[in-house]
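Below is one structure, written out as structure tokens, with a few remarks after it.
Each value in this text was obtained by applying a stated rule to the coordinates, not by laboratory testing. Because the structure is a prediction, the values reported are computed rather than measured. Because the Cβ atoms are built from the backbone with ideal geometry, glycine has one as well, and the counts that use them run over all protein chains shown.
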Amino acid sequence: MNTPPRACIVTGSASGIGAATVLALAAAGYHTVGLDLNTDGAQRVAMQAELEYPGTRHDGLLCDVAEEAQVVAAFHHAHEFLGSLDALVTSAGVVDTTPFMDISVEQFRRIHDVNVVGTWLCMREAAKVMKPGATICAVASIAGLRGGGLSGTAAYASSKGGVIALAKNAARVLAAQGIRVNTVSPGATETPMIAKPLSNPAHRQRIENLAAQQRIGRAEEIASGIVYLLSAQASFTHGANLVIDGGILMP
Ligand SMILES: NC(=O)c1ccc[n+]([C@@H]2O[C@H](COP(=O)([O-])OP(=O)(O)OC[C@H]3O[C@@H](n4cnc5c(N)ncnc54)[C@H](O)[C@@H]3O)[C@@H](O)[C@H]2O)c1
């Protein structure tokens with residue numbers, strides 16, 4: 001458990017929290033493969049990590065995490081590139097802001113397919129090749145704890161509640177294999193995902209006012225929590241959900 005993991009797959013690596021995580025992991029000496037629907041973006045981030053952190057190797061591959069065959073193939077290629085798999089970060093996710101009464105069944109299912117089924121598929125494929133000492137960090141949201149009320153609506157909140165429960169179940173099951181599993185739950189974070197809702201000044205002000213720090217977080221602030229949970233410093237942290245939200249959810 002004390003050897004720091006060095007090879008990591010990051011889903012949703014082309015943008016926001018996933019991209020910041022690739023760069024933070026590279027700074028800590030990891031090699032990474034990013035999986036994203038946006039292949040160009042994933043490869044751009046991989047190239048940036050290689051340029052900024054010489055000696056670390058990075059790649060970006062096309063993968064829709066909700067599609068089983070694509071996940072299986074992408075994990076196979078990523079494992080070949082990395083040579084081993086010590087860590088997984090599941091940051092790929094989608095938000096939905098359609099009001100409760102208006103969202104279609106198709107939209108509701110797609111949010112759960114990406115956020116919940118996609119997270120589980122990636123955990124499953126990772127666990128097939130991970131060795132004892134490996135770690136997984138899922139990216140949920142405080143929406144999953146407080147039932148939304150920020151930018152995302154019903155489907156998003158319920159999917160993120162699902163991710164929190166899924167990661168706890170994985171933490172129970174995969175402990176037998178020596179794999180540590182934890183979750184981060186970010187509050188509102190400045191990324192393309194919520195750029196549209198935050199462009200409304202009244203909405204932005206309301207979200208900022210919810211936090212004790214009276215501000216929106218930065219993707220790098222979430223990434224540093226993820227890197228900590230993957231690290232040997234967190235060796236006894238298991239099945240935990242680290243809330244990083246500037247003080248929205250304080251009891
Ligand atoms: N930004 C926030 O305020 C916030 C708050 C709490 C939780 N989160 C969570 O953090 C994670 C990262 O979000 P972000 O804010 O960085 O958003 P983002 O939109 O900047 O990045 C999400 C990435 O996931 C990729 N993606 C989407 N669907 C995919 C799929 N089916 N397969 C593969 N890749 C896919 C996108 O292409 C994109 O690169 C998400 O799970 C999100 O729900 C974000």
Magnitude of the charge dipole, the chain, Cβ model with Lys/Arg +1 and Asp/Glu -1, debye to 20:
660
Taking just the alpha carbons, could you work out the radius of gyration and Dmax for region 7-244, both in angstroms?
16.7, 52
For region 126-166, max minus min Cα coordinate along each principal axis, in Å, sorted largest first?
39, 14, 13
So for R0 = 41 Å, FRET eff. of residue 233-residue 40 from the Cβ-Cβ r, to 0.05, ends up at 0.75
On a straight-distance basis, which aspartates and glutamates could pair with residue 131 in a cross-link, Cα separation under 20 angstrom, same-chain partners fewer than 8 positions away excluded?
80, 86
Using Cα atoms only, what is the angle between the long axis of helix 16-27 and the major principal axis of the chain, expressed in degrees (0 to 90) to the nearest 10?
30
Put +1 on the Cβ of every Lys and Arg and -1 on every Asp and Glu Cβ in region 101-142; which of 118, 105, 141 then has its Cα farthest towards the positive end of the dipole?
118
For the residues 64, 102, what sequence is obtained by ranking on other C-beta atoms within 10 Å, fewest first?
102, 64
Helix 39-52 axis, angle to the chain major axis (alpha carbon atoms, nearest 10°)
60
Inter-site label distance for residue 175 and residue 52 at 7 Å from Cα along Cβ, in nm:
3.6
PRE reach from residue 209 (point 7 Å along Cα→Cβ): which of region 134-155 fall under 15 Å by backbone N?
150
Using only Cα atoms and rounding to the nearest 10 degrees, what angle (0 to 90) does helix 154-174 make with the longest principal axis of the chain?
30
Taking the chain and dividing mean pair separation by its residue count, relative contact order in percent (alpha carbons under 8 Å, at least six apart)
20
Debye intensity ratio I(q)/I(0), log10, region 39-160, q values 0.21 Å⁻¹ (C-alpha model):
-1.18
May I ask you to sort 183, 97 by Cβ crowding, counting other Cβ atoms within 10 Å and putting the fewest first?
97, 183
What whole-number distance in Å separates the alpha-carbon centres of region 194-251 and region 114-137?
23
What does the charge add up to near residue 238, with Lys and Arg as +1, Asp and Glu as -1, over the other residues with Cβ less than 13 Å from its Cβ?
+3
